[in-house]
Amino acid sequence: MKVEAFQLKTQPYDWYKDEQKRADIAEHGRRVGSALVFDNEITRELKVGGRNYFRVDVAVPGTPGGVVSLINNHLEIKTLPKHREAQMVEILGYIKNIPHPVIMAGDHNSAPNDVSPTSVERVIWRQIDTPASFVSTASNVSGLVWGTMIPLYRERGALNALKNFQSPLAPNVPIIFPNHVVGLFNRVKEFRFEDGSTFDFRGDRERSINQRKGLLANSNDRRLKGQVTSFSVRRPIGPLGRYRLDWFFVKSSLLQDPRDKKGPYQFAPHYGETLAVFNEHLSKPLSDHRPLVMDLPLNEPALEQEG
């Protein structure tokens, strides 16, 4: 059929040049803290090359057009969410003219933080570059003047952490309750192929693995709050150190609205599941990421659609 593989133009981190930079006191402190708290050793990883675009077309009789394109993504983890979003925009540009079904999957590294080596200088500039930090500083300086309103703003961090917890799809309210990760998902949700079709973002009780509703629940395992995590550090502490990084996105060539529950469900995702127990009970796990699975019916499934 067809195979394409090449480096993305968007390469926000150089795993050879940047990994060789000398670590300063801030980076040493981060590495020591990660080892002591999470039993997670941060090491230098010298790699030549960058993040790639990878597409394989396979013959699948019974699907619209008889062909399915598989897009394997591995977005950059050592960068800010906005740069991963830029990588996604580039990938979407390459697949826009595909007329048949598409399965786009892989490690999207959809974490809120940049885990590249830090430095005292970078910590300072990140604070300067973050609008919320100015408001937070103002709240500390002006608390006595503003009475109770500014102190309430200072508590927004805990509320925002709860809003975003395991929920990269949570809404973004700039400065006050930001979610810098959701931009990547909005790009996918708003994307349209040249034939007018879209990726399936639906979530129906009867088509999800655990009867959860919500965006992407049919293709990606949801829990009561957010999605089931697919990666964790070696020693997570409660909810800390656990992330949902891996995702399925499916285009059936028939759906025109990513959330249209009255639309067709042929080759649409069903029963997306994160195989946590399966991976963790093997003598040697398949990966440091939990495997994901889903069903894709070749014909319209005989299920009652939810109103």
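What nm distance separates the two modelled labels at residue 52 and residue 115, each placed 7 Å from Cα along Cα→Cβ?
Output for this residue pair reads 2.1 nm.
Place a +1 charge on the Cβ of each Lys and Arg in the chain and a -1 charge on the Cβ of each Asp and Glu, then give the dipole magnitude about the Cα centre in debye, rounded to the nearest 20.
Dipole of the chain, to the nearest 20 debye: 600 debye.
Once amide H atoms are built 1.01 Å from N in the peptide plane, which residues 5 or more positions from residue 52, or in another chain, come under 5 Å H to H?
Amide H to amide H, under 5 Å and 5 or more residues apart or across chains, residue 52 pairs with 8, 74.
To the nearest 0.05, how large is the calculated FRET efficiency for residue 225 and residue 275 if R₀ is 22 Å and r is the Cβ-Cβ distance?
Computed FRET efficiency for residue 225 and residue 275: 0.60.
Dividing the Cα convex hull volume of the chain by residue count, how many Å³ per residue is that?
Taking only Cα atoms, the chain has a hull volume of 166 Å³ per residue.
Projected onto the charge dipole of the range 1-107 (+1 at Lys/Arg Cβ, -1 at Asp/Glu Cβ, origin at the Cα centre), which of 43, 77, 95 gives the Cα projection farthest towards the positive end?
Farthest towards the positive pole: 95.
Applying 1/(1 + (r/R0)^6) with R0 = 51 Å to the Cβ-Cβ distance of residue 159 and residue 1, what FRET efficiency is obtained, to the nearest 0.05?
Efficiency for this residue pair is about 0.55.
By how many nm would the segment from residue 28 to residue 90 grow when fully extended, if each residue of separation counts as 0.36 nm and the alpha-carbon distance is taken off? Don't jump to the answer; show the numbers that get you there.
Values: separation 62, 0.36 × 62 = 22.32 nm, distance 3.43 nm.
Computed gain between residue 28 and residue 90 is 18.9 nm.
To the nearest 500 deg cm²/dmol, what mean residue ellipticity at 222 nm is calculated for the chain from DSSP H runs of n ≥ 4 alone, each contributing -39,500 (n - 2.57), summed and divided by the residues?
Counting only the DSSP helices, I get -8000 deg cm²/dmol.
Tabulate in residue order the Karplus-calculated ³J(HN,Hα) for the range 228-234, using 6.51 cos²θ - 1.76 cosθ + 1.60 with θ = phi - 60°, rounded to whole Hz; enter x for Gly and Pro.
The phi angles translate into 5, 5, 10, 8, 8, 5, 5 Hz.
Using a 1.4 angstrom probe with every protein chain in place, what is the largest-first accessible-area order of 270, 281?
Most to least solvent-accessible, the answer reads 281, 270.
Would you please give the FRET efficiency between residue 256 and residue 175, computed as 1/(1 + (r/R0)^6) with r the Cβ-Cβ distance and R0 = 35 Å, to the nearest 0.05? Mind dumping the intermediate values first?
Details: r = 35 Å, r/R0 = 0.99.
Step by step, r from the Cβ atoms, then E = 0.50.
Cβ under 15 Å from residue 1's Cβ, residue 1 left aside: what net charge do those residues give with Lys, Arg +1 and Asp, Glu -1?
Its environment carries a net charge of 0.
Accessible surface of residue 191 in the full protein assembly, 1.4 angstrom probe, to the nearest 10 Å²?
About 20 Å², ignoring ligands and nucleic acids.
Could you state the accessible area per residue of the chain in Å², with a 1.4 Å probe and every protein chain left in place? Intermediate values should be presented prior to the final figure.
Working: 16400 Å² over 307 residues.
Each residue of the chain exposes 53 Å² on average to a 1.4 Å probe.
Of the heavy-atom accessible surface of the chain (probe 1.4 angstrom), what whole percent is carbon and sulfur? The partial results should precede the final answer.
On the way: 9690 of 16400 Å².
Whole-percent figure for carbon plus sulfur exposure: 59.
Using the Cα centre of the chain as origin and beta-carbon charges of +1 (Lys, Arg) and -1 (Asp, Glu), tell me which of 165, 34, 210 is placed farthest towards the positive end of the dipole.
Among 165, 34, 210, the one farthest towards the positive end of the dipole of the chain is 34.
Check which residues have an amide H placed less than 5 Å from residue 255's amide H, if you skip close sequence neighbours.
Under 5 Å from the amide H of residue 255: 198.
Rank by packing, highest mean first: peptides 84-90, 57-63, 239-245, 13-19, with packing defined as the count of other Cβ atoms within 10 Å averaged across residues.
84-90, 239-245, 13-19, 57-63
How much accessible surface does residue 38 have with a 1.4 Å probe, in Å² rounded to 10?
50 Å²
Please report the relative contact order for the range 1-82, taking Cα pairs under 8 Å with a sequence separation of at least 6, and give it as a percent rounded to a whole number.
39 percent
The values are calculated or read from the model by the stated rules, or taken from the named source; none is laboratory data. Everything numeric here is computed off the predicted structure, so don't read it as measured data. Every residue, glycine as well, gets a Cβ built from its backbone with ideal geometry; the counts of neighbours run over all protein chains shown. Note: accessible area is taken over every heavy atom of the protein model, side chains too, but ligands, DNA and RNA are not part of it. Shrake-Rupley method; radii C 1.70, N 1.55, O 1.52, S 1.80 Å.
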